[in-house]
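Reading through the structure tokens given below for one structure.
Please treat every number below as a calculation from the coordinates, not as lab data. None of the values given here were measured: they were computed from a predicted structure. Cβ: placed from backbone, ideal geometry, glycine included. Neighbour counts: every protein chain shown.
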Amino acid sequence: MDGHAILDFKSSLPAASMNLANRPHDDPDHALAPSDARGLLHFALALALSAGGALLATLDNGWAWSAGQLLLALGLTLWFVLLHECGHRNLFRSRWLNRAAGVVAAFMALIPWTAWRQVHAYHHVWTGWQDRDLTTMALVPRPVARYERWIINGAWRTGLPLFSLLYRVQNFWNTPRLSRHFTPALMRRIRVENLAFLLAYAALLAWFGPGDALGLVGGGLLLSLAFQDLLLVSQHTHMPTRRAGGERVAPFSNMEQQANTRSLRLPRWLSWLLLHVDAHELHHMHVRVPGYRLRALKQDAPNEVHWWTWLRAAKSLSGVDFMFGARERTGMLL
């Protein structure tokens, strides 16, 4: 596929990668179809967690502030998941609801909407080809400079959310990089939208003041990004992958992408709240099934691992070895 093509979830995935997971959108009575009521429930939960957390953070009480930051962390993580679902048009049945909610979720997740949809579509086309997937290109094995090694290993050891921040900056805010993969017309739209988001963030900071804004949401944002760090790197990092090396290659089908994907098994309540974002193998195999329906598939996920088992194994490696190392060399096969 031409790297400059404008990608779209409904029309641009290769025919070979499409499967019966398209049927829920075609048949609103299908058991796996998106539900506006279910989508509104999760959207309302994100609003409630965020508003409740912010309200508690305004109280002159340390315990209330701490509880508020925990609620905010859950809410901000849920906004990221809702952005993902809306990008696939899976949260609601109607397109306009997915778009409207997606823009709100994108703003809350610190990721611009149009850039997200395009880059994430690109990801679903090229999963398994490390040097073709925009979200994994940076992890192609290479010599790592001493300062990079110090930063990566330090962040991995301490849990500071380096990787979720780099994920945002490199994949959605770095417009010079994106311009190498998308058309000029699309890039104009991305630049305008990114600028609008930045101006809105700046206006909010000016309104509240940087110090008050940090006190209000800083703890929750840090916790959310730290959790997203683990969630993001758990999905495809340190999994089997191939590299095209500049050759023309065909994308892997949805079902074939399962081999390059890892699923975590989160606590049931958290998995439900986050629309089963931990069922990542099922998501790649059935991209048009809403996250809140994925567990109904009753399908095996061979690479699923308990979150704590995976975390202990991953953290036993250095950050550089986990991010850039080969499974065969490190011995971590989870």
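Peptide packing: for 31-40, 66-75, the average count of neighbouring Cβ atoms within 10 Å per residue gives the ranking 66-75, 31-40, highest mean first. Using just its DSSP H runs of length 4 or more, each adding -39500 (n - 2.57), the chain gives a mean residue ellipticity at 222 nm of -17500 deg cm²/dmol after division by all residues.
Radius of gyration over Kirkwood radius for the stretch 64-199, both on Cα atoms: the Rg/Rh ratio is 1.00. Annotation: peptides 139-146, 184-191, 109-116, ranked by per-residue average of other Cβ atoms within 10 Å with the highest first, follow the order 109-116, 184-191, 139-146. Take every pair of alpha-carbon atoms less than 8 Å apart whose residues are at least six positions apart; their mean separation over the length of the chain yields a relative contact order of 24 percent. From least to most packed, judged by other beta carbons within 10 angstrom and beginning with the fewest, E304, E328, E281 follow the order E328, E304, E281. Ranked by the mean number of other Cβ atoms within 10 Å of their residues, highest first, the peptides 147-159, 290-302 fall in the order 290-302, 147-159.
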